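Contents: one structure, followed by commentary.
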């Protein structure tokens, strides 16, 4: 009798451990890629980042003139590489990959906080999101920046506002344009908690509770005034207080590709939403005019090496003739309508959408890395679709993420 009781006690524990195996495999995947990533020369901006890390590691604190960000990431990597004599590309890439382990852990916690339960399918999609996955293993600021923003959101959902603001302030030292996502935090937290937007008193109390995020704003404002802009170096390529439409339309294209299975599945609802929009003809004409005249490929960095940079190849093709540009408008319009249709009854999506526009409209350089945080948040907050949609999306992300990581790790192309 006692033996049977023990067996009954062991089985649930074994079942729980068995349920953890798939999540453990995600951690193992990161470690395998980190240690088997090819030893290749730095690619794209990796050269600048590695140079800066090596200078700091050697005790030389001069900043590379081409470095656009506050060198917080480079200080961190140099500090973590102190046990080694000279940090090479392989070592720094592996250190950067270990940051992805923290990102995965934070995503597990956030999935439970936002969705109320742990979902392996959605977690897999979040990890393998193709615009994010390769940069976990490269010498880029995006992995650390993403971790800090996600950690800030998780702490905010736990009502640890002061600690969340402190983490958010640290994120400004990695990428200063994170100020947009920190400004979004109080509103996203309110939407996640189910706050009533028409209740001004409740909203006011919530904003007062989020007062520590004012520290982030004060720090950024001081930096902006002292620095004379957002970019630290290479300021001509990143002018402050500017307005460009390129990233808005290119982000719609990336949204279309990443969420294509879900867009197809919800096509009837999207078309019904579009037909119900008042003055849709006028709005369509206005959007088309903005697209034709505003979507340009004028940044010099977007006009080089189209055979290597995929985004440059796509951009140069899209604007190569008015007919191709017109042909691309339909899919972009579908992506916009799908997003707006999904915003109905989903305040979190509205908040993410508004601040996504605020983040990308000032950017002259068209760069899909600017969309990493908003696209990942959209995926985190997206409702579950039909099983076939979730399955196709998961396999698409795994294959596309693997192809992008392999292609970039072998110098075949760069996103």
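Structure notes:
- Qualifying positions in the range 294-317 - surrounded by 15 or more Cβ atoms within 10 Å (Cβ to Cβ), in a helix (DSSP H, G or I) and free of Cβ contacts under 8 Å to residues at least 40 places away in the same chain: 312, 316
- The set of residues in the range 51-70 that are buried (at least 18 other Cβ atoms within 10 Å of the Cβ) and without any contact (Cβ under 8 Å) to a residue 60 or more places away in the chain comprises 52, 54, 56, 57.
- Every residue from the range 233-265 that is over 30 Å from residue 63 (Cβ atoms) and assigned to a loop (DSSP other than H, G, I, E, B): 245, 259
- For the range 328-345, the criterion of being under 26 Å from residue 407 (Cβ atoms), surrounded by fewer than 17 Cβ atoms within 10 Å (Cβ to Cβ) and out of contact with any strand residue (DSSP E or B) (no Cβ under 9 Å at 6 or more places or on another chain) is satisfied by at least one residue.
Every number in this text was worked out from the coordinates using simple rules, so none of it is lab data. Note that the coordinates shown come from a computational prediction; the quantities given were computed from them, not determined experimentally. Backbone-built Cβ (ideal geometry, glycine too); neighbour counts: all protein chains shown.
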